[in-house]
Amino acid sequence: MKNSANSPYNNSLPLNDKNIELIAKDGIKGWFDQGFTWLVYTFTAMTVAMLFVMSWIIFKEARPAIAKFGIEFLWGKDWDVGNEVFGALPYIYGTLVSSAIAILFAFPVGLAVALVTSENFLPVSIQTTLAFVVQLIAAIPSVIIGLWGIFIFIPALEPLQKWIAKYFSWIPIFNTTDPFGTNMLTAGIILAIMILPTIAAISRDVLLAIPKELRSASMALGSTRWETIFRVLLPAGFSGIVSAAMLALGRALGETMAVTMVIGNSAQISASLLDPAYTIPSVIANEFAEAERGLHIGALTYLGLVLFGVTLFVNFGAVVLVEWVGKKNR
Amino acid sequence: MSSHQNSKIPQSLANELFSPLPKSRQLFTYLMNAIALAFTFIALIPLLSILWEIIARGISGLKLEMFVNPVIDFGFGNAILGTATIVTIAALLSVPVGIFTGIFLAEFGRTHPAANFVRFITNILTGVPSIIVGVFAYSIIVLVTKQFSAIAGGFALATIMLPVIVLTTEEALKLVPTDQRLASAALGGNRLQTTFRIVVTAALPAITTGILLAIARASGETAPLVVTALFSLDWSEGLLSPTASLPVLIYNLYNDPDPQKHQLVWTSSIVLLGLVLFVSIISRLVTRKRKIK
C-alpha cells in the first residue's frame, strides 16, 4: 500500500481501492495536478491549524490571569470584579455537577431509546421514525430549549420541587427552603434533554453493528430478550456506549444558552441541588461582552481555557474509544 | 431462574413445562419492556411540548409587518437579515475549506500518512464548546477591528460549521464508486478533472445536504454570537458593526417586561425553529433515501 504511493505503475500490486494513484506526473496536466494537490493541502492545513491556533489564542488571552492567580485560580471561591479577585471553583463545581446530573438522567433514557429503536420491540418503520424524531431534539436551537425551560418546564416542575424540599429537606441534596425554579437540578434535566439524542443515536449505531448471530446464539441457548440484552449485547457494545456517554458529557460541559437561562446564575457552592448555581459557559456568556480588557477578560478566558481543557480531554477520550471500537469491529 | 431444575414434584414440573418461562423471568421481561417503552415515551415529551407551546404562543403574533420592521418597531426584520448576513459570511469562509479538506480525506487520504491525524483533529473540532469558539473569534477579530461585528460572528460560525462540512463531504465522496474514478483516469482525466468533473459532481447532492445541515446548525447558535456579533435594535450599519440575529434576539428579550416584545420572542422562535427543523428534516429525508438505494 505504501509502495504504490511512490510507484503507481507497479503492475505487480493488486488493484484495489487502497492503492490507486490517479495523479498525472508530467506535462500541463501534471502542473494542474500539482497545483490542485497543493490547494487541497493548504485548505486541509487550515482546518488542522484551526484547533491549534484556537488553543494558542485562548491561552495567550488568559495569560494575564494565569500570571496573577496561577493554579490557585482553580480553587479560589471569590469572584469580585470590582476588586479584581477571581476564583473559578463555583463555576467549575456548577459545570461538573450539572453535567453529572444530565448524564445520570440522559443515560438510562438514551439507552432505552437506543434499545427500543434497534431491537425488535416494534415494527421497523416505527423504529426508524422514533429514532428520527428523537434526533430532531438535537436540531432545536439551544436558546429555544432555554425559552421552553424557563416558561413551560419550570412552572410545571416547581410544585414538585417545592414538595420535595418540604418533605425531604433532611437529605442534604434537597436542603433548600422554598426553592425557586431556576436551580442546579432544573439545569441538569434541561441538559439531559439536550444530550439525549447524542446518547440515543450513537448507542443505536453501536447496537445495530453487533452481529445478528450473537443475538440468535443467545436466544438459542434459551435466553429471553432482556437476558440477551444484558448479558450479550450491552457487554459487546460496552465501549461504544461509554464513548457515546462521553461525547454527550462533552456537549453538556460546553452547553451555554439553555443552562444560562435556567440555572439561576449565582456563583455559590451549595450541596443542595435545589439551589441556584453557575457554570463556566454561562459566566462567559453573561460577562464577556461587557468585561474590561485586562484582568477580567483574562480571568474569563482562563475559565474558558479550563473548560476547553476538560472538554478536549473528554472528547479526545471519546474519539479514541470510537476509533478503537471501529477497528475492533472491522 | 433455574427453579424448574430443582422442583421435585412431577405435577409442578408439568405445569412449568407447559408455561414457556418461569414467573420471575417472565415478570422481568414484562417489567423491562415497560421501562424501556416508558423511557422512550418520556424522551419524546420535550420535543412535542416545545413544538406545541412555541406554535401556540407565537402564532397569534405572526404578522407580515414583523418581517420588515426592526426590533425597535416590534418586528424581527433586522434579526432575519442579520442572521442571513452572518450565516452567509460563515458559509463563504467554511464551505471551500471544508470541501477541500473533505476531498483530502476521501481522495488523498487512502494513501496519505496524515489522513488519520486530520480526521482525528476534525472530530475533536466538532466537540469544542461553542462559547469557546466565540471567545476565540472575539480575540482574533473583535480585538483587532475594535468592533463587535457581523464578520466576527461569521468567523465564529464558520469555525463551528467547518468540521460538519468536512465530515459530511468525506462521507459523500466515499459513496462514489472507485470504478468511476478509474474510468475517468482511463479516459485521460487527471486528478483535478476526475475529482471535480466525476467525483464531486456525483456527490454534489449529498455535499449540499451536509452544507445545509451545517447552516441549519449555525443559524441556531447563540453563545458565540453573544460575544462577537452582539445585537442591535435597529438595522445594522454595516458588516463591521454590531448585528442582530434571531437567536440573540430571543436571548436578549426573553425577560423583557414589555408584552409586545415578549410576543416578539415567541413569534421569532416560530421562525427560527421552523427554519432549522425544516432544513434538518428535508436534508435527513434526502440522505436516508440515498442510503436505501
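The values are calculated or read from the model by the stated rules, or taken from the named source; none is laboratory data. Being a predicted model, the structure only gives us computed values, none of them experimental. Cβ sites come from the backbone with ideal geometry, for glycine too, and all protein chains shown count toward neighbours. Areas reflect the complete protein model, heavy atoms only, side chains present, ligands, DNA and RNA absent. Shrake-Rupley method; radii C 1.70, N 1.55, O 1.52, S 1.80 Å.
Observations on the model:
- Residues in the range B:137-153 that, when all protein chains are in place, have 40 Å² or more less accessible area than the chain alone would give (probe 1.4 Å): B:Tyr138, B:Ser139, B:Leu143
- Converting phi to 3J(HN,Hα) with the Karplus coefficients 6.51, -1.76 and 1.60 and the offset θ = phi - 60°, the range B:166-173 yields 4, 5, 6, 4, 4, 4, 5, 5 Hz in sequence order, with x at every glycine or proline.
- Inter-probe distance in nm under a simple model that places probes 7 Å from Cα toward Cβ, at A:Leu208 and A:Ala271: 4.6 nm
- Near-label residues of the range A:107-149 by backbone N, under 19 Å of a point 7 Å along Cα→Cβ of B:Ile59: A:148
- Interface size A-B, as summed buried accessible area [1.4 Å probe, Å², nearest 100]: 8300 Å²
- Using R0 = 35 Å, the C-beta based FRET efficiency linking A:Val81 and B:Asn69 works out to 0.45.
- Residue by residue, the range A:168-177 carries 3J(HN,Hα) couplings of 10, 5, 6, 7, x, 6, 10, 7, 9, 8 Hz when phi is fed to the Karplus relation 6.51 cos²θ - 1.76 cosθ + 1.60 (θ = phi - 60°); x denotes Gly or Pro.
- Helix A:238-254 and the longest principal axis of the C-alpha atoms of chain A enclose an angle of approximately 50°.
- Å³ per residue enclosed by the Cα convex hull of the range B:183-240: 141 Å³
- 222 nm mean residue ellipticity, helices alone, for chain B (DSSP H n ≥ 4; -39,500 (n - 2.57); rounded to 500): -22000 deg cm²/dmol
- Pairs exceeding 32 Å between alpha-carbon atoms, taken from A:Lys162/B:Lys63; B:Lys146/B:Lys261; A:Lys77/A:Lys166; A:Lys60/A:Lys327; A:Lys77/B:Lys261; A:Lys212/B:Lys23: A:Lys162/B:Lys63; A:Lys60/A:Lys327; A:Lys77/B:Lys261.
- For the range B:107-113, 3J(HN,Hα) computed residue by residue from phi via the Karplus equation (6.51, -1.76, 1.60; θ = phi - 60°) reads 9, 9, x, 5, 10, 7, x Hz, glycine and proline entered as x.
- Entry comment: accessible area of the range B:107-218 is 35 Å² per residue, from protein heavy atoms only and a probe of 1.4 Å.
- Annotation: amide H of A:Trp79 within the under-5 Å range of A:Gly87, sequence separation 5 or more or interchain, hydrogens built in the peptide plane.
- Between helix A:184-209 and chain A: long-axis angle, C-alpha atoms, 0 to 90°, nearest 10: 20 degrees
- Area of A:Glu119 that stays accessible when all protein chains are in place (1.4 Å probe, Å², to 10): 10 Å²
- Between A:Val320 and B:Phe18, the FRET efficiency estimated from the beta carbon spacing at R0 = 60 angstrom works out to 0.70.
- Dipole check for the range B:73-182: with +1 at the C-beta of Lys and Arg, -1 at the C-beta of Asp and Glu, and the Cα centre as origin, the magnitude is about 220 Debye.
- Descending Cα extents along the principal axes, the range B:57-152, whole Å: 58, 33, 23
- Entry comment: accessible area of chain A is 46 Å² per residue, from protein heavy atoms only and a probe of 1.4 Å.
- Rounded to the nearest 0.05, the FRET efficiency derived from the C-beta distance between B:Phe120 and B:Ile45 at R0 = 51 Å is 0.85.
- About the Cα centre, charge dipole magnitude for chain B (Lys/Arg +1, Asp/Glu -1 at Cβ), debye: 1300 debye
- Around the amide H of B:His112, modelled in the peptide plane, lies no amide H under 5 Å away from a residue 5 or more places distant or on another chain.
- Proximal charge balance of A:Ile154 [Cβ under 14 Å; K/R count +1, D/E count -1]: -1
- Distance from the alpha carbon centroid of the range A:185-203 to that of the range A:254-330 works out to 16 angstrom.
- Placing B:Ile211, B:Ile55 in order of accessible area, with the largest value first and a 1.4 Å probe, yields B:Ile55, B:Ile211.
- Carbon-plus-sulfur accessible fraction, the protein assembly as shown (probe radius 1.4 Å, protein heavy atoms only): 67%.
- nm² value of the averaged projected area, convex hull over the Cα atoms of the protein assembly as shown: 35.6 nm²
- Helix axis angle, B:77-103 relative to chain B longest principal axis, alpha carbon, degrees: 70 degrees
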